[in-house]
Amino acid sequence: MSIHGARSAAASAVVLAVVLAVSGCTITGGSSNDGSGGVTGRTGNGGSSTAGVVSPVIVDLGSIDGSTVEVPVDNVVVLDSGDVKVTVWTATVADPKVAEFISGTDDGSAAFNPGLKPLAAGETTVTLTNSDTGNETTFELRVTP
């Protein structure tokens, strides 16, 4: 294998690891809106956790517009796109010191939802854009310590 091929394979492995970490690979549902304006995400394993394993916060893109999503800094947010292709979402994070957007991917055999990786405690506005329709979804992300 050439040096270029080895670098490409290594880069692909890193991207796959990040996507798997963000997706949680066990997405089971959307989210519930408790009427307070905030959205409570569901965890990927029904709310329980195994020692040392933190379930991702999973929110439904169809219900978060105008809401607040809260996530601890040591967790991730999986953005469940429902029936919409996972690859059409782009995002603008107003304060990139608080969180970063991870694009959704589809390799033909598996699809991985887009997500947000918290970087530091704080609040920021996230605007997601569906590149197929131009529709935008905007919400507040609150990252807790």
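The values are calculated or read from the model by the stated rules, or taken from the named source; none is laboratory data. Owing to the predicted nature of the structure, the values given are computational and were not obtained by experimental measurement. Here the Cβ is made from the backbone with ideal geometry for all residues, glycine too, and neighbour counts use every protein chain on show.
Filter the stretch 61-73 down to the residues that are in a strand (DSSP E or B) and not hydroxyl-bearing (S, T, Y), then identify the one that is farthest from E136 (Cα to Cα).
Restricting attention to the stretch 61-73, the residues satisfying the condition of being in a strand (DSSP E or B) are 68-72.
Those still in the list that are not hydroxyl-bearing (S, T, Y) too: 69-72.
Numbers: V69: 16, E70: 20, V71: 21, P72: 25 Å.
Ranking the qualifying residues of the stretch 61-73, first place goes to P72.
Looking at this structure, is D95 surrounded by 13 or more Cβ atoms within 10 Å (Cβ to Cβ), over 14 Å from the mean Cα position of the chain (by Cα) and at pLDDT 95 or above? Don't jump to the end; show me each part of the working.
Working: surrounded by 13 or more Cβ atoms within 10 Å (Cβ to Cβ): yes; over 14 Å from the mean Cα position of the chain (by Cα): yes; at pLDDT 95 or above: yes.
Yes, satisfied.
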Check: Which one of T90, T125 is at pLDDT 95 or above and under 15 Å from T68 (Cβ atoms)?
Finding: T125
Margin query: Name the residue that is farthest from V54 (Cα to Cα), counting only residues in the stretch 123-137 that are in contact with a strand residue (DSSP E or B) (Cβ under 6 Å, 6 or more places away or on another chain) and crowded, with 16+ Cβ neighbours inside 10 Å.
Written below: T129
Note to self: Checking the structure you have, find out if any residue of the stretch 130-139 is modelled with pLDDT of 95 or more and either within 12 Å of V76 (Cα to Cα) or hydrophobic (A, V, I, L, M, F, W, C) (or both).
What the structure shows: yes
Item checked: Which numbered condition T138 fails, given (1) part of a strand (DSSP E or B); (2) hydroxyl-bearing (S, T, Y); (3) free of Cβ contacts under 8 Å to residues at least 24 places away in the same chain -> (3)
